[in-house]
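Engineer: Supplied in structure tokens, the structure appears directly below.
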Amino acid sequence: MNKDINLLFQKDTLPHVFIFTGDDQVGRQKAKQKIVNNLDTRFNGIINHKFDSSVSPFVDFLERIITPSLFQETRLFSIAHAQTLSFKHHEQLSKLFVQDLPDEYIIIEYDMNKFTKKSKNGLFGNLDLKKIMKQFPEKCVIFQFNKPPDYKIADWLTTHVPLFFNRSISKECSEFLINMVGLELEKLYSELQKIDIYLPDKRAITKESILKISGVSRIKSPFELADALGKKNIIQVTEIIDSLFMTNFYAPPVIAIIFQHFWKLLKIRAFAKDNRAIINSFYKKQYAEKIKAAHTIGVETGLLLRTDPLNKAYPVIILSKIIDQAKKFTDNHIDTIFILLRDFDIGIKTGQ
């Protein structure tokens, strides 16, 4: 579990080795920059040194770390892609963890999620980090930044936004931001940075701030219009229509997208009539049972492929709330919608 960087720097003594792991590149860089900024502020400036194998051998870089600074300035040494280091280099690196380095700080980055003693260049294997941290807990701190699965991104945001931006966000607002922006972490970080600039310091992120920053400047899509119609959210429908008409609007493809959306709802309704037990399982509180039922519904109605992983059902079925949408309409309602779409489509194409 990641420690709060601000609390870490409120202590009198700091760890001298910061290890970053995981495949969440953006999160790692954000946290690393925060470490660098805090060190720079604390010591009124630091000297940065980055390891580059094309410039000097790794052993020379290590010697620079252990050689005292001539002018006693605070130095920061960074080692990226440490998982590519050889076994010998890992052994040499591990010796730094137990040495007294009063004016030197080291950042080590591993582009990996898991480390075992069996792995050739493993973090916990070659460095024997568990043993070192047990003996010298004040010398080293680990930050793990692994990309969460789609269904955990909202929870992930609620815990990581305070870490990166010194402000809070509720799970409800996290889900609202995801609905607005999508599940890609890079896009979420980008929008959060804009919101962070807009809000006063330490102010919580609200739906209003998300809508103002992330909603206004973005042109809505026909898929969002179909989704809003499925949710019977008339206010959102009118807002999306206004947004669509700000661009070169062409009706036929939009009509096709709306038809496809309600065709999905009709298929879900038809499946539910013959599979009431599976639909009931979908509304269970246990996530494992819910995701399994969602995947079955998605496969049987054509929303998912049989080869799709179980967790793909989260954005397609659970997060979209398409099952709830199907419950809001009767078969007759959907038939009427199809007739309206057909007549409107014919009217456009024939000039009526």
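Engineer: Just to check your reading of the model, which residue among K130, K118, K134 is modelled with pLDDT under 75, among the charged types (D, E, K, R) and assigned to a loop (DSSP other than H, G, I, E, B)?
Structural biologist: Checking each option against the conditions leaves just K118.
Engineer: Six or more apart or on different chains, Cβ atoms under 9 Å: show the pairs whose first residue is in region 308-327 and under 23 Å from F259 (Cα atoms) and modelled with pLDDT of 90 or more and whose second is surrounded by fewer than 19 Cβ atoms within 10 Å (Cβ to Cβ) and small (G, A, S).
Structural biologist: I323/A272; A326/A272; K327/A272
Engineer: Determine whether region 304-324 contains at least one residue that is of a type in the set (K, R) and at positive phi.
Structural biologist: Taking every residue of region 304-324 in turn, at least one turns out to be of a type in the set (K, R) and at positive phi.
Engineer: Quick test for you: out of K290, K267, pick the one residue that is of a type in the set (D, E, K, R), closer than 20 Å to N179 by Cβ and in contact (Cβ under 8 Å) with a residue 12 or more places away in the chain.
Structural biologist: Exactly one residue qualifies, and that residue is K290.
Engineer: Something else now. Please determine, by comparing only the residues of region 3-31 that are within 18 Å of the chain's Cα centre (by Cα) and assigned to a strand (DSSP E or B), which one is modelled with the lowest pLDDT.
Structural biologist: Going through the qualifying residues, I end up with T21.
Engineer: Pick out the one residue from F271, F329 that is open to solvent by less than 70 Å² (accessible area, probe 1.4 Å) and assigned to a loop (DSSP other than H, G, I, E, B).
Structural biologist: Result of the check over F271, F329: F329.
Engineer: Hey, could you check region 246-268 for residues that are modelled with pLDDT under 95 and either of a type in the set (S, T, Y) or within 14 Å of H333 (Cβ to Cβ) (or both) and say which is surrounded by the fewest Cβ atoms within 10 Å (Cβ to Cβ)?
Structural biologist: Among them, the one singled out is T247.
Engineer: Listed residues F97, F9; which is closer than 20 Å to E138 by Cα, in contact with a Cys (Cβ under 7 Å, 6 or more places away or on another chain) and of a type in the set (F, W, Y)?
Structural biologist: F97
Engineer: Among F58, F9, F20, which is the only one that is farther than 25 Å from Q193 by Cα and touching a helix residue (DSSP H, G or I) at 6+ places or on another chain (Cβ under 6 Å)?
Structural biologist: F58 is the lone residue from the list that is farther than 25 Å from Q193 by Cα and touching a helix residue (DSSP H, G or I) at 6+ places or on another chain (Cβ under 6 Å).
Engineer: Quick check on K284: is it among the basic types (K, R), under 22 Å from the mean Cα position of the chain (by Cα) and either open to solvent by less than 20 Å² (accessible area, probe 1.4 Å) or modelled with pLDDT under 90 (or both)?
Structural biologist: no
Engineer: On the given criteria, is V36 part of a loop (DSSP other than H, G, I, E, B) and of a type outside the set (D, E)?
Structural biologist: no
Engineer: Hand me the list of helices (runs of 4 or more DSSP H) wholly inside region 140-245 holding 2 or more residues that are open to solvent by less than 70 Å² (accessible area, probe 1.4 Å) and touching a residue at least 24 places away in the same chain (Cβ under 8 Å).
Structural biologist: Result: 153-165, 171-181, 185-198, 222-230, 234-244.
Engineer: Considering only residues that are free of Cβ contacts under 8 Å to residues at least 40 places away in the same chain and either under 32 Å from the mean Cα position of the chain (by Cα) or open to solvent by 50 Å² or more (accessible area, probe 1.4 Å) (or both), which ones fall in region 89-102?
Structural biologist: H89, H90, E91, L93, S94, K95, Q99, D100, P102
Engineer: Let me ask something additional. Taking region 54-88 as the search range and keeping residues that are farther than 23 Å from D40 by Cβ and open to solvent by less than 20 Å² (accessible area, probe 1.4 Å), which one is modelled with the lowest pLDDT?
Structural biologist: L85
Engineer: Among the residues of region 295-302, is any touching a residue at least 12 places away in the same chain (Cβ under 8 Å), farther than 24 Å from P253 by Cβ, open to solvent by 40 Å² or more (accessible area, probe 1.4 Å) and not in a loop (DSSP other than H, G, I, E, B)?
Structural biologist: The answer is yes; a qualifying residue exists.
The values are calculated or read from the model by the stated rules, or taken from the named source; none is laboratory data. Computed from a predicted model, the values in this text were never measured in an experiment. For neighbour counting, all protein chains shown are included, and Cβ atoms are generated from backbone atoms with ideal geometry for every residue, glycine included. Accessible surface is based on the protein model in full, side chains and every heavy atom, while ligands, DNA and RNA are left aside. Shrake-Rupley method; radii C 1.70, N 1.55, O 1.52, S 1.80 Å.
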